[in-house]
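These notes are about the structure you will find just below.
Every read-out reported here was derived from the displayed coordinates using simple, explicitly stated rules and does not represent laboratory data. It should be emphasised that the depicted structure is a prediction, and the values quoted were computed from it without experimental measurement. When we count neighbours, we look across all protein chains shown, and the Cβ atoms used for this are built from the backbone with ideal geometry, even at glycine.
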C-alpha cells in the first residue's frame, strides 16, 4: 500500500537528500526549482532545508503563492 503524504498547515522540513528521496527526483532538479522560486530554500547552519508541503503542492501542480499576491489579497479583505 502506498504511503499517503500528511496534509498539514505547518512546515515539514527536510534536507535536500531527504527531499530527493521523498519525491524521487534529482538534487539538481530540486535546486532548479529553488532557483526558479517554485520551492523555498531554508538555511539551518550549513544545511539546506525545503518544506515537503511545498514539494507536495508542486507535484500536484499547484502554484506556490506569490508573497506579493498574498499581501494584496490580504489588503483587499481588510
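Place the peptides 26-37, 45-56 in order of packing, highest mean first, counting for every residue the other Cβ atoms within 10 Å and averaging per peptide. Write down the numbers at each step before the final one.
On the way: 26-37: 13.3, 45-56: 16.2.
Output ranking for 26-37, 45-56: 45-56, 26-37.
Across the range 13-62, C-alpha contacts under 8 Å between residues 6 or more apart give a mean separation that, scaled by the residue count, equals a relative contact order of 41 percent.
Expressed in whole Å with the largest first, what are the equivalent ellipsoid semi-axes of the range 13-62 derived from the C-alpha gyration tensor as the square root of 5 times each eigenvalue? Mind dumping the intermediate values first?
Details: eigenvalues 49, 26, 21 Å².
Here the semi-axes work out to 16, 11, 10 Å.
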